[in-house]
Structures are given as structure tokens and as C-alpha cells.
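Student: For reference, the structure I am asking about is given below.
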Amino acid sequence: MAASKVLTGARVVLPTGIVDGGRVIVDGTRIADTGTGAGTGTAPADAETYDVSGHWLVPGFVDLHNHGGGGASFSGSADDVLTAVRTHRAHGTTTLVASTVTDDMDVLTRQAGLLSELAEQGEIAGVHFEGPFISPCRKGAHSEALLRHPDPAEVRKLLDAARGHAKMVTLATELPGGLDSVRLLAEHGVIAAVGHTDATYEQTVEAIDTGATVATHLFNAMPALGHRAPGPIAALLEDERVTVELINDGVHLHPAALELAFHHAGAARVAFITDAMDAAGSGDGRYLLGPLEVEVTDGVARLVEGDSIAGSTLTLDRAFKRAVTVDGLPVQDVVAALSANPARLLGLDDRIGSLEAGKDADLVLLDEEFTLKGVLRRGAWVVGPHLG
């Protein structure tokens, strides 16, 4: 069992605001108390004490959309999956949904079974199926030969294979069977996400009314915002029922697009994601994304054939730092986008997503420049703390 800990002196980001000179008491795997240095909670007698003055303490990050890292993929073996999970944990992602990529249905159902076992072991928070039910017009880094219409019976096969651990399915809801599949997902408590879509504004509104609640990497793999044909972006931004995913790596989005999303959706409806592939936390070179070959150059992943952007090499600590230091977003808004909002979407906000007594002791320690210096997951140090 993890030793009890007291972290003192940090700027602690709580749901109620930022506390200067704050304190977090960790008792085993849970947060026992938060507040000022003279808080009401009593630390266990044997607690390890850490003076983290000059640092920020924020909740562990929650990634809804991630394909791999550390040179390994969530489409690979159990060892590959664990390599990718540990890579992202070292960058502050204490909760992660493993995303698949378009493949044969038999391959996807087998992979869903493997991932569900790791979800049962607590290594991942569930499975996100991105493809094969997406538009060939907006396929991005997915194999067109393997795409198919979202037949509810086939969607149900994936849900059954995931044994209750399917968390999200991205689909082009305008395709035949799309709306029926959205209804099926909503009935089973699985997030229906609009993405890799060529839908019109009106079709997207209908999908949202049917039960779609997430925009998969907003702006990417969908028609651009138009003044006569506003397309899916306008519909997804304007509806308060929708949370929009954003990849804040400086490649997928212009800063003005990020600002537009925050302005129209508000901080409570944004979830920063990585959409990471194998090269995240690794390096440049050749990789596979599903069956497709990817070349990573200067940290940017593109298909060898076709040159489409192929996921990212982003980690969420970098997304946090960029959001504050480059985009100028308030720290509390960034914490919401990285932790509270995705935790709520996953139905896990009673356990994770904020620094509150009784929740899992998932914390990230950042220095004054927002560089990661420590990661606690369920009360145990994954990284650091590096306080020198």
C-alpha cells in the first residue's frame, strides 16, 4: 500500500479556486484533505512530508483519446499497451482511455477483448473505437479499404467484445445507420462522438439531438466552418450538450481556432486530448498506425502515402504548458480541460478529476514554468518528485 504523504507550500488548484501555500494530505491511495497549510485535516503520524513551495499541484490528467506512446500502440500486445500507458503516466496522464484505429472487424473485436482485460486490471479506463464507421471523405490516417457504414449490429459487436469497457465510439453520423448507432450507444451508456465526418450543419444537429455528446478532435477531419454552409463545427460548438476535444500541440490547431473553441464552448465544454500515436514520448522515425505507415519528422506525424497528419506525438504535460504559456489560458480553465471535464464525461468524477478529499490521490506537480516535476498515481510516485 502507498505510504501516506503531506505536500505543503504549493499553489494548489482546487475546484473552488487556487490556494497559495496550500497543502494536500494523501492517506494511502486517497486524498484525505486539501486546503491551507493550517488545514483542518490531520496527517497520519508516519506520513512522508514534502515541501513543494514554488510549485503547482493540479489533478492528474485524463486523456479520452490516445492511440499509444513510447514506441508502442494500443493496437498491439498487452506488453505494448502497458508500455504506452506507462509512457503517458510519466507525463502526468493518470487516467487514459485506449483508442483503436480502423481495422478488420475481427481484429478490432480481438483487441477489444485484450483491452477490456487491462481495463479490469485498472491499467486503462476503457476503450475508444475510432473507426471503422467513418467517412471516406474525411478518413485522415485511416485505411479507406477498411471503412464501413455504422451498422448498429456491428457497433454492438464491438461493445460486446469490450465487455462493458467501451467508453466512446467515433462515427460519421451522416452515413447509413449512423443515427441508429448513436441511439444504440446512448442506450448502453457509451459516448457517441461525431468525427471523421462530412456531415452538414443540419445533419450534425440531428445527431446531437439523437444523443451524440462529443466532437472528436474538433476542426480536424471535418468540413471547415463556412458562412453559408457552417457544417459540423458550428453545430458542435453552439450546443451545450457537446464537449469538444482539442489537440493543443501547435500543429493540429491555429491558436485562433483554439481561442474560438474556448470562447464559444466555454471552459466547461473543452477536453484537451493527445490523439497520440506510438512516437509520443519516443522520437522521429517510421511507425505504424494500424495498417498504415507513418513518418515522424520534428515531432510531426504524417502518413508516408498521402501526407495526412497521423495523430500526434503530444503528451498532456506539454498541452498544459502550451495552453498557459503560449495560449494564455487561465490555469483553472486548463485544469478543467485536462482533468475535470474528461473525468465527468467518463462518469468517473466521483473518483478523479479534481483535488478533493476522498478521491484518488492522482496529482501532478509542476514548477513555476509549468514543467512537470512529479506525478502521483493512487498515492504512489510515478515520477519524482524533482524538487532541486
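None of the figures in this text is laboratory data; all of them are computed from the coordinates on show. Owing to the predicted nature of the structure, the values given are computational and were not obtained by experimental measurement. Backbone-built Cβ (ideal geometry, glycine too); neighbour counts: all protein chains shown.
Student: Treating each Cα of the stretch 116-268 as an identical point scatterer and ignoring solvent, apply the Debye formula and state log10 I(q)/I(0) at q = 0.14, 0.17, 0.20 Å⁻¹.
Tutor: The calculated log intensity ratios at q = 0.14, 0.17, 0.20 Å⁻¹ are -0.66, -0.96, -1.27.
Student: Modelling each spin label as a point 7 Å along the Cα-to-Cβ direction, I'd like the A153/A380 distance in nm, to one decimal.
Tutor: Computed distance between label sites A153 and A380 equals 4.6 nm.
Student: OK, next. If I build a Gaussian network model for the chain, linking alpha-carbon pairs within less than 10 angstrom, which residue out of K157, K321, K373 has the largest mean-square fluctuation?
Tutor: K157
Student: The stretch 57-149: D in µm²/s via Stokes-Einstein (Kirkwood Rh, Cα pairs, 10 °C, 1.306 mPa s)? It would help to have the intermediate numbers written out before the result.
Tutor: On the way: Rh = 13.7 Å.
Translational diffusion coefficient: 116 µm²/s.
Student: Work out the FRET efficiency for T16 and A256 from their Cβ-Cβ distance, taking R0 = 41 Å, and round it to the nearest 0.05. Let's see the in-between values first.
Tutor: Numbers: r = 32 Å, r/R0 = 0.77.
Efficiency at R0 = 41 Å is approximately 0.85.
Student: Which lysines have a Cα less than 27 Å from the Cα of K359, not counting those fewer than 8 places away in the same chain?
Tutor: K359 reaches K5, K167, K321, K373.
Student: From the phi of every residue in the stretch 135-140, what ³J(HN,Hα) in whole Hz does the Karplus formula 6.51 cos²θ - 1.76 cosθ + 1.60 yield, where θ is phi - 60° and glycine or proline is x?
Tutor: So the J values, rounded to whole Hz, are 7, x, 6, 10, 6, x.
Student: Sticking with this one: What are the ³J(HN,Hα) couplings of the stretch 4-12, residue after residue, when phi is run through the Karplus curve with 6.51, -1.76, 1.60 and θ = phi - 60°? Round to Hz, x for glycine and proline.
Tutor: Karplus values, whole Hz, x for Gly and Pro: 6, 9, 10, 10, 10, x, 7, 8, 9.
Student: Using modelled amide H (1.01 Å from N, peptide plane; none on Pro or chain starts), what sits under 5 Å from the amide H of A301, excluding residues fewer than 5 places away?
Tutor: A310, T313
Student: On to the next question. Tell me, what HN-Hα J-couplings in whole Hz come from the Karplus equation 6.51 cos²θ - 1.76 cosθ + 1.60 at θ = phi - 60° for each residue of the stretch 156-169, using x for Gly and Pro?
Tutor: Listing the rounded values in order: 4, 4, 5, 4, 5, 5, 7, 6, x, 9, 6, 9, 7, 10 Hz.
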